[in-house]
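Below you'll find the structure, written out as structure tokens, and then a few comments.
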Amino acid sequence: MSEKQPRPKHPQVTTPVGVARYPFLLRPHTRFDPDGEYRVTLILPQAEAQVLIATIDEALKESMEKAIAENPAKADKITPANPPYSTVTNEAGEDTGLVQFNFKSKAKIRPRNGAPPFRIKLAIFDAKGQAVSDDLRIGTGTRMKICAEVVPYFTDLVGAGVKLRLKAVQIVDLVEYTGPTASQFGFGLEDGYDSTVVPDEDDEPDDSDF
């Protein structure tokens, strides 16, 4: 008889293939949290996003009900938090027909029981289901599927909501991150220094030149 698998603590979802924006999946983002945070925004067409939106909206409703039941003295002050998704608009503020979903998870866990903290590594696979190399540079524009938990939360400041906790990623079409380009800063082509040109040995100074 096979061993019974434990039921997940929170509902788990797997997205359709979407386009990633600002992925921090192998190397966590540390600007706002020194412990690091894995994060990515996934862009989906509205038609393909509806099932995920319905799941999130239902979880948001349950999160509100749970917060009110557990905090009856604050019931009339509890408000719903913003959902972890929003429509994508262009520079003119017009709807583009796309929806963006925000996924996050901690890179280091600090147990409440006082046990030593430990680091988390996301499970990341290629299109064939094979684990990817740790030195892969996953960039904006990469097409991927994401597995996440829908986790409820409540705070007095933010309200009752849910977050999409990253569990695993499958990369379907990779766009490698190559760093910023000169054109992004308004730089064009100029006559002058070319870093790709290696000087001839005869052009190298030696001790006798000084």
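Only the coordinates and a few stated rules stand behind these numbers; no lab work does. Note that the structure is predicted; figures quoted are calculated from it, not measured. All Cβ positions, glycine included, derive from the backbone under ideal geometry; neighbour counts span all protein chains shown.
Compared with the direct C-alpha span, the chain from residue 126 to residue 158 gains 7.9 nm at full extension, assuming 0.36 nm per residue. Scoring 38-44, 150-156 by mean Cβ neighbours within 10 Å over their residues and listing the highest first yields 38-44, 150-156. Packing around the peptides 108-115, 54-61, 158-165, taken as the average count of other Cβ atoms within 10 Å per residue, puts them in this order, highest first: 158-165, 54-61, 108-115.
Could you sort the peptides 137-149, 84-96 by per-residue average Cβ neighbour count (10 Å cutoff), highest mean leading? Don't jump to the answer; show the numbers that get you there.
Working: 137-149: 18.8, 84-96: 11.3.
In descending order of packing, they fall as 137-149, 84-96.
For segment 70-78, the Karplus equation 6.51 cos²θ - 1.76 cosθ + 1.60, evaluated at θ = phi - 60°, returns couplings of 8, 9, x, 5, 10, 3, 6, 10, 6 Hz by residue, with Gly and Pro reported as x. Segment 19-66 and segment 118-167 have Cα centres separated by 8 Å.
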